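Below is one structure, written out as structure tokens; the observations come after it.
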Amino acid sequence: DVAPETRPFEADVAKLLHLMVHSVYSDKDVFLRELISNAADACEKLRYESLSDPALAASEGAKVTVTLDPDARQIIVEDNGIGMSEAELAEALGTIARSGTKAFMDRIASAKEAEGTQLIGQFGVGFYSAFMVADRVDVFSRRAGSDQAAHWSSDGLGAYSVQPADVAQAPDHGTRVILHLKDDAASYTERYRTQQIIKDQSGHVPVPIFLKEKPDAEAEQVADGAALWIKPKSEISAEEYTDFYRSVAGQFDQPALTLHYRAEGLHEYAVLAFIPEMKPFDLFDPDRTGRMKLYVRRVFITDEAEILPRYLRFVRGLVDSSDLPLNVSREMIQQSPVLAAIQKGVSNRILSELEKLSANDGEAYIKFWDNFGAVLKEGVYEDFARREQLLGLARFKSTVSGEGWRSLKDYAEGMKENQTAIYYATGSDLDRLASSPQLEGFRARGIEVLLLTDQVDSFWVSAGVDYDGKPFKSVTQGLADLGLIPLGEGETAAPAASEEVTGFITFAKDLLKDEVSDVRASERLTESPVCLVAAEHGMDRQLEKLLAAAGR
Ligand code: ADP
Ligand code: MG
């Protein structure tokens, strides 16, 4: 026997493991969901690779087997999927590859330990969650097509070993994960308990799951691996949708909106998509692309095809195409006209579902908007063709919204005599913005001003956008056209510039010299003595700040 090579975990893994090992997180069951999902992914990867390399094709159907061993206090999760080589084992189980786990690490960096622990269930922290219940984990794996097996082992305390293994210890192809359970986790070897957990958490993974109550017992099927999206809607319960959402999205809340339909006609495909109820943590991660999986006739192809535009990246789910050739390469997919048609169809459908929601359930829609409005607004400058529709979906805080929200339709209906533009103010803090002196002249005339506090706002408003023929105009951009709009009842205009004012202006200009480009008397202020504005055709102040912060 060669001495196993021992390697330290990457620093982030060590931190994560520390949290797992010392976890007081109550819902430890999630480890099983994570291991089964990895096993199912591995089966889907093999199915996909064998499309181009038939020599890899599995001789038996893909499956995941969970074996309980109460005497040895072990639980074993085995798949006949793609498997891992020795190098792949070290890479996959020694570093943090997945972005969800990275986001989790960022999030807990600032959180207290107890709080961090609570976040485990929301993130789904992958393979390492096994160390919540095990004090040693052995992984035996053999890559499909290889004649060598490898063994990874760790107690989760800072280091792991990898070494070649006897092929008899691993499946013919695939992976066997052996958990040596901690004392207090022995109950996972009880058949009914574990069977229930599997059904609840993993009942809809697209690979059948078998359970053996003892190593020498017969395997019993506990989940059929049938594709939920193929079934008619009427046969699917709300719980089934939620379970499926959780397994496909890696989110552990409820779906706020479920979209399940079959497109027929020129292109045929099934769509099962969800909008989460809670904001996923990596929503603004720049590396974060979509999270829609692409299947072709029930074979998983990739989760990297851009099925939806970036501004719909909060949507989770899948599309199963009947038209794409099965042997299409991942690279070819992006250029395929079939994908373009799917992109268009699904995006349109999602936006029209949102329109329906806003019409039928205002409260639910506002909840959605509160979570994802800032993302959807990116579409206003990214997707010219749907700009109108996206502006129609947008909701705003404004000088008249109070606790509520305003649509642009609401705004347009409240426009004053001679008012030709939609006025907005940008800033990062709503309260500060609402009390800004720049709004006084607008208030005095009863003109509504949109209060824009999302980073993205500065970008779309300066993209030459208009709504219903009305341009958006910043209150800070030079003197607004207030002179033309009558004052509200009981409001007084600032007095015309008297000699005193003119004298003061000369004094101020002299004093400030190059600091400002001009000093003017304004119609805009009714209570505050002074405010700073950007030049009429200059940059919006908020955008100026953002660009300065970005070092441009
Ligand atoms: P994720 O599944 O999100 O990538 P995990 O921590 O669950 O993150 O797993 C890390 C990586 O380990 C996976 O991406 C995969 O490459 C590898 N892996 C884990 N389990 C298996 C398995 N049963 N078969 C093949 N590869 C696996
Ligand atoms: Mg995983």
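The values are calculated or read from the model by the stated rules, or taken from the named source; none is laboratory data. Computed from a predicted structure; not experimentally measured. In this analysis, Cβ positions are derived from the backbone assuming ideal geometry, glycine residues included, and neighbour counts consider all displayed protein chains.
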How many residues are in contact (Cβ under 8 Å) with a residue 40 or more places away in the chain and in a loop (DSSP other than H, G, I, E, B) when one looks only at the stretch 235-255? 4
Condition first: surrounded by 18 or more Cβ atoms within 10 Å (Cβ to Cβ), closer than 28 Å to A341 by Cα, polar (S, T, N, Q) and out of contact with any Cys (no Cβ under 9 Å at 6 or more places or on another chain). Can you find one or more residues in the stretch 243-250 that meet it? yes
Inside the stretch 126-156, can you point out the residues that are polar (S, T, N, Q) and within 16 Å of ligand 2 (Cβ to nearest atom)? S129, S141
Selection count, the stretch 179-210, where residues are away from ligand 2 (no atom under 16 Å from the Cβ), in contact with a Ser or Thr (Cβ under 9 Å, 6 or more places away or on another chain) and either closer than 19 Å to R136 by Cβ or not basic (K, R) (or both): 6
Output the number of the condition that D138 fails; it satisfies all remaining conditions of (1) of a type in the set (D, E); (2) within 14 Å of ligand 1 (Cβ to nearest atom); (3) modelled with pLDDT under 90. (3)
Restrict the check to the stretch 189-198 and report whether at least one residue is more than 14 Å from ligand 1 (Cβ to nearest atom), free of Cβ contacts under 8 Å to residues at least 12 places away in the same chain and of a type in the set (D, E, K, R). yes
Result of the Cβ filter at 8 Å on the stretch 340-352, keeping first residues that are under 15 Å from S321 (Cβ atoms) and of a type in the set (D, E) and partners that are at pLDDT 95 or above and outside any helix (DSSP H, G or I), at least 6 apart or interchain, is none
Determine whether the stretch 8-17 contains at least one residue that is crowded, with 22+ Cβ neighbours inside 10 Å, of a type in the set (A, V, I, L, M) and either at pLDDT 95 or above or in a strand (DSSP E or B) (or both). no
The stretch 27-60: number of residues that are within 16 Å of ligand 2 (Cβ to nearest atom) and aromatic (F, W, Y): 1
Consider the stretch 154-170. How many of its residues are more than 16 Å from M20 (Cβ to Cβ) and surrounded by fewer than 19 Cβ atoms within 10 Å (Cβ to Cβ)? 7
Residues (hydrophobic (A, V, I, L, M, F, W, C) and buried (at least 19 other Cβ atoms within 10 Å of the Cβ)) located in the stretch 376-400: L376, V380, L390, L391, L393, A394, F396
Quick one: would you say E355 is among the acidic types (D, E), modelled with pLDDT of 95 or more, surrounded by fewer than 16 Cβ atoms within 10 Å (Cβ to Cβ) and not in a loop (DSSP other than H, G, I, E, B)? yes
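I'd like the residue in the stretch 30-66 that is hydrophobic (A, V, I, L, M, F, W, C) and modelled with pLDDT under 90 and, out of all such residues, is nearest to ligand 1 (Cβ to nearest atom).
V30
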Within the stretch 340-352, track down each residue that is buried (at least 16 other Cβ atoms within 10 Å of the Cβ) and in contact with a strand residue (DSSP E or B) (Cβ under 8 Å, 6 or more places away or on another chain). I342, G345, V346, I350
Could you figure out which of (1) loosely packed, with under 15 Cβ neighbours inside 10 Å; (2) more than 16 Å from ligand 2 (Cβ to nearest atom); (3) at pLDDT 85 or above isn't true of V24? (3)
May I ask you to verify whether A273 is aliphatic (A, V, I, L, M), surrounded by fewer than 16 Cβ atoms within 10 Å (Cβ to Cβ), at pLDDT 95 or above and in contact with a strand residue (DSSP E or B) (Cβ under 6 Å, 6 or more places away or on another chain)? no
